[in-house]
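Written below as structure tokens is the structure these notes are about.
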2 protein chains.
Amino acid sequence: MRIAGEMLLGASSVRGMQGSMRAFDPARNAEIEPSFGMGGVADVARACDLAAAAADAYRAAPIETRARLLEAIAENIAALGEMLIERAHAESALPKARLEGERARTMGQLKLFAQLVRDGRWCGAVLDSAMPERVPAPRPDLRAQRIALGPVAVFGASNFPLAFSVAGGDTASALAAGSPVVVKAHPAHLGTSELVGRAIQKAVADLGLPEGVFSLVIGAGNAIGEALVAHPAIKAVGFTGSRQGGLALMRVAASRREPIPVYAEMSSVNPMFVLPAALAARTDALARGFADSLTLGVGQFCTNPGLVVAIEGAALEEFVATAARALQEKSAQTMLTAGIATAYRSGIDARANTAGVTRVAEGAASDAQCAGRGALFRTTAAEFLANAQLQDEIFGPASLVVQCRDTEELLRVAEHLEGQLTATLHIDEADYALAARLLPTLERKAGRILANGFPTGVEVTHAMVHGGPFPATSDARTTSVGAMAIERFLRPVCYQDLPQALMPAALRDENPLGLWRLRDGELARR
Amino acid sequence: MRIAGEMLLGASSVRGMQGSMRAFDPARNAEIEPSFGMGGVADVARACDLAAAAADAYRAAPIETRARLLEAIAENIAALGEMLIERAHAESALPKARLEGERARTMGQLKLFAQLVRDGRWCGAVLDSAMPERVPAPRPDLRAQRIALGPVAVFGASNFPLAFSVAGGDTASALAAGSPVVVKAHPAHLGTSELVGRAIQKAVADLGLPEGVFSLVIGAGNAIGEALVAHPAIKAVGFTGSRQGGLALMRVAASRREPIPVYAEMSSVNPMFVLPAALAARTDALARGFADSLTLGVGQFCTNPGLVVAIEGAALEEFVATAARALQEKSAQTMLTAGIATAYRSGIDARANTAGVTRVAEGAASDAQCAGRGALFRTTAAEFLANAQLQDEIFGPASLVVQCRDTEELLRVAEHLEGQLTATLHIDEADYALAARLLPTLERKAGRILANGFPTGVEVTHAMVHGGPFPATSDARTTSVGAMAIERFLRPVCYQDLPQALMPAALRDENPLGLWRLRDGELARR
């Protein structure tokens, strides 16, 4: 496998003719070969037209073929071997061990969705028997299944060049649902994107599926992404990135002639409530664990703990002092891109200059161009409640301790929060009563509620919710990680009195696919 | 129970101070007493604040209480007796027998959702066991359930003053999901709305639930509805009405600081494909059945068959001639409102004056102010494909026959269609091959596909989909009729390592609610 600097439009490799760009190594502060040709609106249209042409055939393909596609993609990614890890490392400065873990996670996600496709519950089969004797009018035979929405546009994240990118969770869940996918390559990891794209392209070809099941387009700026979201063939959008970027795509999607759903995972400060008994009992361990979680991956996680809420007192002072020391001992690390490093530094400078905010500690300094170091701030609940900007995410290893006078103020801080991906409770038994008062608010505010852990680390399982109310995501009804992610790309269709000869397999009398089905209100595998 | 002309803001009855309006009897062409006080933005805010204050307590109420609320609403509606039917009849000109059927349907919907709430599958309980021994890191315990989105704004439809209004499908499914509801009364049936609203208000009080679980606001024009959708406490919108009205609410919802989902059921022409063998074999019966379906309820159904697609020839000519005769024999009927009657007449006048369209037949004329009579038009597929306006819905008993030269042209017409609530196939066995070619397109275009029936008549069952791609609705992922409607108002929340003492009942180890749960990927009632 080579990196040619090309887009993948169905089965074709096409060099874009709208200028060129190179990937950038933030650790060496240098561009990386080769140059990539940038595509334009015509290339996007070609990818979308191919996707539309493939959509009916792909969703009609046997369930086993769809599952095999996902597994073949995983196998082809494995076959890329060390080349993939080296390229992703050069493009992201993420450690190779982390990238190997991320590759395993990416393959695990693909395999989870393969298993899910075979299981068939995604299909949501429902059968209501006819009642020919009903008066005044007979009831018809009614059956419903869920089918794919149609072609999906995927925008990968900078911070997960494998698991949230070309073959990441959005692509895996869309392909599992039966939707063709058009990915816009993230400009920060163009080579990684092409390698993984070719792994998918080969899997599509090997399984004899229509070429339009997958395309990868490349472009700079917003024009190509907005053209992709605006194309009539596209029926949904998966995005992980900044609030500004997500909002821009939401606007494009809402202003189409046919508006479409956008699943944008955007910004979250992931509040961590350290309740009094736990804070007193485990001050040091909590402070150190927090500093570790905050600086993991240079803080470049969607679930980074950017906010700590606790009640004032000696224990909180000790927590802050210990966290500060732990942070100061941590060296600066290279961030994903020069742009992210610059934005991070101006973010922490602005926060340090905010009235009512104190800078408690910083990590060790570095002269490296793209380095980021930890930063811990503190403020009072009164200041926090009065200044909405203190809720804004600073992407990177920065966090803000909010000191509350009492439990009532702590509850007010919780109620004041915007939507979050996660909310964490550090609690001992003596804290349960307060935790029970907090829980209804946290349920309204967050997609995932953790007890006595740290939010970084998002398991890929059936129960995972990596979602949450706006602005954490654009659609609180969904998750972008875990099995439930498939539901984003499905819609129900009902069939009334359709003859068996024309009935979709999932709904035929004899249940040829062996699915769990809801028959006259009872769930059964018949 | 009296009609006082008041809004219901939680437990209070409040006369709006922003002017007054009366309901209108379209059959007598006269206003109906009493006058209703119109509310303003402050009244909307009061209703929304009460809803927000009630939201946590209502969703935390026992499942049985929520089910009882729905049943109590049905009982209280029954207790309104003949007064409700008479008022609805005066306000809508719908026949009393039809309104009695609609009342039964409304009560049936409430009871279906009560049963659904008790069943508990809506909760979507998922449990993934911890893996304490996993390397390199243990896996936490992860559990997920679905909870209510929060307060829902409901806009009732003019054409179903009971089943799609104050206690209609949107309200029933939102209350079932655990969401408080704020209804904006439809100005065409203010008295019906107040009566039903009081039935709900009483049920909420009798069950000791927080008053904010239900409110009913009254206002003219768009301002009060837009204020309702814009209020920060509102987390989702249910709407049934015109495309213009739905689009306006979608814009308001999308431009909020926190965008929210809008479930708008808007416009559909419900294409009916009459395939050659069926057309030849059953010409007369199909033509008469079509004319009956078209004029049922003066064509004022969302699923009215506004488009007939068939291949040219003697059988089609006979179909058109028979349908024309059947239509001419039908007398004009009073439409729901003066506005609808006026819009219908200008709609059919405009269509009659469209190049390439021929008026085939009209129903018997009437001098009554608000009367509407059937209208049948025909055109060619070539004209239809060239003029997008021929797809626009004319709300009322009007339909357009599209004559295709051959099967390929018929398939092109299908592909050309916008999103629909329904698509109908009239088929005999000899048509199955063509039907099989049509089906993938119809699945992409419609929420419900019928064979050998007529689309009017929407059963309330588990499998029903009363939804479909834009512009049929604003969100093809959902239905506004049937059990799946509850899913619109739910979102998943994940709990990681939460102690049993704090765990929601649905997710506790011992399954105290006896729910179907997905445990480590296996569905079981344990």
Open item on the list: Of all residues being more than 28 Å from residue B:521 (Cβ to Cβ) and among the basic types (Lys, Arg) in the range A:76-101, which is farthest from the other protein chains (Cβ to nearest Cβ)? Just the residue, please.
Closed with: A:87
TODO: Please state which of the following conditions residue A:415 fails to meet, knowing it meets all the rest: (1) more than 17 Å from the chain's Cα centre (by Cα); (2) over 21 Å from residue A:291 (Cα atoms); (3) facing chain B (nearest Cβ under 8 Å); (4) surrounded by fewer than 24 Cβ atoms within 10 Å (Cβ to Cβ).
DONE: (3)
Open item on the list: Of everything in the range B:269-301, what is more than 24 Å from residue B:317 (Cβ to Cβ) and within 14 Å of chain A (Cβ to nearest Cβ)? Give them in sequence order.
Closed with: B:296
Task: Hits in the range A:75-102 (condition: free of Cβ contacts under 8 Å to residues at least 60 places away in the same chain and under 20 Å from the mean Cα position of the chain (by Cα)) - done: A:100, A:101
- [ ] Check off (1) in contact with an Asp or Glu (Cβ under 9 Å, 6 or more places away or on another chain); (2) touching a residue at least 60 places away in the same chain (Cβ under 8 Å) for residue A:118 and give me the number that stays unchecked.
- [x] (2)
Task: Extreme residue, farthest from residue A:244 (Cα to Cα), among residues of the range A:478-499 that are of a type in the set (D, E, K, R) and either more than 8 Å from chain B (Cβ to nearest Cβ) or surrounded by 24 or more Cβ atoms within 10 Å (Cβ to Cβ) (or both) - done: A:491
- [ ] Those residues that are of a type in the set (Asp, Glu) and in a helix (DSSP H, G or I), I need them from the range B:102-138; list them, please.
- [x] B:102, B:119
Open item on the list: Looking for something surrounded by fewer than 19 Cβ atoms within 10 Å (Cβ to Cβ), within 14 Å of chain B (Cβ to nearest Cβ) and not in a loop (DSSP other than H, G, I, E, B) - is there at least one such residue anywhere in the range A:60-75?
Closed with: yes
Task: Verdict on residue A:63 being in contact (Cβ under 8 Å) with a residue 12 or more places away in the chain, β-branched (Val, Ile, Thr) and under 20 Å from residue A:186 (Cα atoms) - done: no
- [ ] Tell me, yes or no, whether the range B:281-293 has at least one residue that is touching a helix residue (DSSP H, G or I) at 6+ places or on another chain (Cβ under 7 Å), among the hydroxyl-bearing types (Ser, Thr, Tyr), assigned to a helix (DSSP H, G or I) and not assigned by TED's automatic domain parsing to the domain that holds residue B:250.
- [x] yes
- [ ] Considering (1) at pLDDT 95 or above; (2) more than 8 Å from chain B (Cβ to nearest Cβ), say which one residue A:456 fails and leave the rest.
- [x] (1)
Task: Unmet requirement for residue A:54, which otherwise passes all of (1) more than 13 Å from residue A:209 (Cβ to Cβ); (2) within 14 Å of chain B (Cβ to nearest Cβ) - done: (1)
TODO: Could you tell me whether any residue of the range A:76-85 is within 30 Å of residue A:235 (Cα to Cα), of a type outside the set (Val, Ile, Thr) and touching a Gly at 6+ places or on another chain (Cβ under 9 Å)?
DONE: no
TODO: Could you give me the residue pairs with C-beta distances under 6 Å whose first residue belongs to the range A:300-329 and is among the aliphatic types (A, V, I, L, M), whose second residue is assigned to a loop (DSSP other than H, G, I, E, B) wherever it lies, and which are 6+ apart or on separate chains?
DONE: A:307/A:269; A:327/A:363; A:327/A:374
Open item on the list: Looking at the range A:509-520, I want the residues that are more than 23 Å from residue B:122 (Cα to Cα) and have a partner that is assigned to a strand (DSSP E or B) with Cβ atoms under 7 Å, at least 6 apart or on another chain. Which pairs are those?
Closed with: A:511/A:517
Open item on the list: Checking the conditions here, which among A:221, A:197, A:208 is over 30 Å from residue A:410 (Cα atoms), touching a residue at least 12 places away in the same chain (Cβ under 8 Å) and small (Gly, Ala, Ser)?
Closed with: A:197
Task: Count of residues meeting criterion [touching a helix residue (DSSP H, G or I) at 6+ places or on another chain (Cβ under 9 Å), not hydrophobic (A, V, I, L, M, F, W, C) and not in a helix (DSSP H, G or I)] in the range B:474-510 - done: 11
Open item on the list: Quick check on my filter: what residues within the range A:122-140 are of a type in the set (D, E, K, R), touching a strand residue (DSSP E or B) at 6+ places or on another chain (Cβ under 7 Å) and surrounded by fewer than 22 Cβ atoms within 10 Å (Cβ to Cβ)?
Closed with: A:139
TODO: Working only within the range A:459-477, note down all residues that are β-branched (Val, Ile, Thr) and at the interface with chain B (Cβ under 7 Å from one of its Cβ atoms).
DONE: A:461, A:465
- [ ] Go through the range A:425-453 residue by residue and tally those that are within 7 Å of another protein chain (Cβ to nearest Cβ) and in contact with a Leu (Cβ under 9 Å, 6 or more places away or on another chain).
- [x] 10
- [ ] Within the range A:102-121, track down each residue that is away from chain B (no Cβ under 12 Å) and of a type in the set (A, V, I, L, M, F, W, C).
- [x] A:107, A:110, A:113, A:114, A:117
TODO: Kindly check whether there is at least one residue in the range A:154-167 that is outside any loop (DSSP other than H, G, I, E, B) and either closer than 22 Å to residue A:464 by Cα or within 14 Å of another protein chain (Cβ to nearest Cβ) (or both).
DONE: yes
TODO: Give me a count of the residues in the range B:124-148 that are farther than 20 Å from residue B:505 by Cβ and facing chain A (nearest Cβ under 7 Å).
DONE: 2
- [ ] Please verify whether the range B:113-128 includes one or more residues that are touching a helix residue (DSSP H, G or I) at 6+ places or on another chain (Cβ under 8 Å), farther than 30 Å from residue A:483 by Cβ and either at pLDDT 95 or above or not β-branched (Val, Ile, Thr) (or both).
- [x] no
Task: Set A:83, A:21, A:1, A:17: member being at pLDDT below 95 and either surrounded by fewer than 19 Cβ atoms within 10 Å (Cβ to Cβ) or assigned by TED's automatic domain parsing to the domain that holds residue A:300 (or both) - done: A:1
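The values are calculated or read from the model by the stated rules, or taken from the named source; none is laboratory data. As the structure is a computational prediction, the values presented were derived from the model and not from experiment. For neighbour counting, all protein chains shown are included, and Cβ atoms are generated from backbone atoms with ideal geometry for every residue, glycine included.
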